[in-house]
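Novice: To start, I am sharing the structure in question, which I have written as structure tokens.
The values are calculated or read from the model by the stated rules, or taken from the named source; none is laboratory data. Just so it is clear, the model here is predicted, and its values are computed rather than measured. Heads up, the Cβs are rebuilt from the backbone with ideal geometry, glycines too, and the neighbour counts pull from every protein chain shown. In case anyone asks, the SASA skips ligands and DNA or RNA and just uses the protein heavy atoms, side chains included. Shrake-Rupley method; radii C 1.70, N 1.55, O 1.52, S 1.80 Å.
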Amino acid sequence: MSSTQIPCTIFIVDDDEAVRDSLRWLLEANGYRVKCFAAAEEFLQHYEPDLAGVLIVDVRMPGMSGLELQEALIARKSTIPMVFITGHGDVPMAVSTMKKGAVDFLEKPFNEADLRAIVARMIDQAANLASQAAQQRNHDEVLSRLTAREQQVLERIVAGRLNKQIAGDLNISIKTVEAHRANIMEKLEVTTVADLMKIALTKSGEN
């Protein structure tokens, strides 16, 4: 299965050691890389959002609950796919977690086939998210190579300003605008304005 070939870690957060062990055994037997934590606080201390991963978390735990962990990850703008497991689940709770981005909600004892299917789907989602994040970091990195003046020129290109208008805006010659424009295209490794716009408009905080 292609999803098992993606460098992705499944994080299990559950205060019940027997549940952690059974989940680890089941998932590792299916070729997944697994890391277990007995508490939500411990997971947060070790979690690196840049890494591709999925989260299986118990709803009710001593200290920070699974629902509070979800809130903490939302506050950090984490997009890690999540599935909740619980022995005390109810429909309103399930709906609440799903609305906040959880992938699924399973009650203990859960069906192993269902869990495997959910994890496979989560892995694919995590891989897509990791790919998007890597592309975003690359775009941010190449944009950071631009000088302050080139940033000004780029902002106006994105706004649809013509070279003559940009020259007037910045009180520079059209030839200077053309030179900046050529430098921008070279630094961002693009050959068309359309590709230039794609990178400029996906800058962090603007997508």
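Novice: Tell me the residue from Arg137, Arg116 that is among the basic types (Lys, Arg), in a helix (DSSP H, G or I) and within 30 Å of His180 (Cα to Cα), please.
Specialist: Details: Arg116 fails: within 30 Å of His180 (Cα to Cα).
Every option except Arg137 fails the conditions.
Novice: Can I ask one more? Where residues in region 128-150 are among the hydrophobic types (A, V, I, L, M, F, W, C) and out of contact with any Ser or Thr (no Cβ under 7 Å at 6 or more places or on another chain), which of them is surrounded by the fewest Cβ atoms within 10 Å (Cβ to Cβ)? Show your work before the answer.
Specialist: Taking region 128-150 as the starting set, the residues that turn out to be among the hydrophobic types (A, V, I, L, M, F, W, C) are 129-130, 133-134, 142-143, 146, 148.
If we keep only those that are out of contact with any Ser or Thr (no Cβ under 7 Å at 6 or more places or on another chain) as well, we get 130, 133-134, 142-143, 146, 148.
On the way: Ala130: 19, Ala133: 15, Ala134: 12, Val142: 14, Leu143: 19, Leu146: 18, Ala148: 6.
Of everything passing the filter in region 128-150, Ala148 is surrounded by the fewest Cβ atoms within 10 Å (Cβ to Cβ).
Novice: Also: Give the number of residues within region 81-107 that are open to solvent by less than 60 Å² (accessible area, probe 1.4 Å) and modelled with pLDDT under 85. Full working, then the answer.
Specialist: First, pick out the residues of region 81-107 that are open to solvent by less than 60 Å² (accessible area, probe 1.4 Å): 81-87, 89, 93-94, 96-97, 101-106.
The next check asks that each one be modelled with pLDDT under 85; those that pass are 85-87, 89, 93-94, 96-97, 101-106.
Looking only at that region, the number is 14.
Novice: Also, quick follow-up: Which residues, taken from region 35-59, are open to solvent by 70 Å² or more (accessible area, probe 1.4 Å) and in a strand (DSSP E or B)?
Specialist: Listed by number, the list holds a single entry, Lys35.
Novice: Also: Take Ile12 and decide whether it is in contact (Cβ under 8 Å) with a residue 60 or more places away in the chain and not small (Gly, Ala, Ser).
Specialist: Numbers: in contact (Cβ under 8 Å) with a residue 60 or more places away in the chain: no; not small (Gly, Ala, Ser): yes.
No; evaluated as a whole, the condition is false for this residue.
Novice: If you check Ile174 against the conditions, is it touching a residue at least 60 places away in the same chain (Cβ under 8 Å) and touching a helix residue (DSSP H, G or I) at 6+ places or on another chain (Cβ under 9 Å)? Working first, answer last.
Specialist: Details: touching a residue at least 60 places away in the same chain (Cβ under 8 Å): no; touching a helix residue (DSSP H, G or I) at 6+ places or on another chain (Cβ under 9 Å): yes.
No.
Novice: Which one is farthest from Ile118 (Cα to Cα) among residues in region 24-34 that are touching a helix residue (DSSP H, G or I) at 6+ places or on another chain (Cβ under 8 Å) and either assigned to a strand (DSSP E or B) or open to solvent by less than 40 Å² (accessible area, probe 1.4 Å) (or both)? Steps first, answer last, please.
Specialist: Quick first cut of region 24-34, residues touching a helix residue (DSSP H, G or I) at 6+ places or on another chain (Cβ under 8 Å) only: 26-27, 30-32, 34.
Right, trim to either assigned to a strand (DSSP E or B) or open to solvent by less than 40 Å² (accessible area, probe 1.4 Å) (or both) and you get 26-27, 32, 34.
Details: Leu26: 13, Leu27: 12, Tyr32: 13, Val34: 15 Å.
Checking each candidate, the answer is Val34.
Novice: Just need a number here: residues in region 167-202 that are at pLDDT below 80 and open to solvent by 80 Å² or more (accessible area, probe 1.4 Å).
Specialist: 2
Novice: If you don't mind, there's one more thing I want to ask. Just checking, does region 3-23 include any residue being in a helix (DSSP H, G or I), under 16 Å from the mean Cα position of the chain (by Cα), at pLDDT 90 or above and more than 21 Å from Ala113 (Cβ to Cβ)? Don't jump to the end; show me each part of the working.
Specialist: Of the residues in region 3-23, the ones in a helix (DSSP H, G or I) are 3-5, 17-23.
Still in the running and under 16 Å from the mean Cα position of the chain (by Cα): none.
No, region 3-23 contains no residue that is in a helix (DSSP H, G or I), under 16 Å from the mean Cα position of the chain (by Cα), at pLDDT 90 or above and more than 21 Å from Ala113 (Cβ to Cβ).
Novice: Another one. Scanning region 151-166 for residues that are assigned to a helix (DSSP H, G or I) and not β-branched (Val, Ile, Thr), which turns out surrounded by the fewest Cβ atoms within 10 Å (Cβ to Cβ)?
Specialist: Of the residues in region 151-166, the ones assigned to a helix (DSSP H, G or I) are 151-158, 163-166.
Narrowing the set further to residues that are not β-branched (Val, Ile, Thr) leaves 151-152, 154-156, 163-165.
Numbers: Gln151: 15, Gln152: 16, Leu154: 23, Glu155: 13, Arg156: 18, Asn163: 18, Lys164: 10, Gln165: 14.
This residue is Lys164.
Novice: Condition first: hydrophobic (A, V, I, L, M, F, W, C) and either buried (at least 20 other Cβ atoms within 10 Å of the Cβ) or free of Cβ contacts under 8 Å to residues at least 12 places away in the same chain (or both). Now tell me which residues in region 68-80 satisfy that.
Specialist: Applying the first criterion (hydrophobic (A, V, I, L, M, F, W, C)) to region 68-80 yields 69, 72-75, 80.
Once the filter is applied, which keeps residues that are hydrophobic (A, V, I, L, M, F, W, C) and either buried (at least 20 other Cβ atoms within 10 Å of the Cβ) or free of Cβ contacts under 8 Å to residues at least 12 places away in the same chain (or both), region 68-80 yields Leu69, Leu73, Ala75, Ile80.
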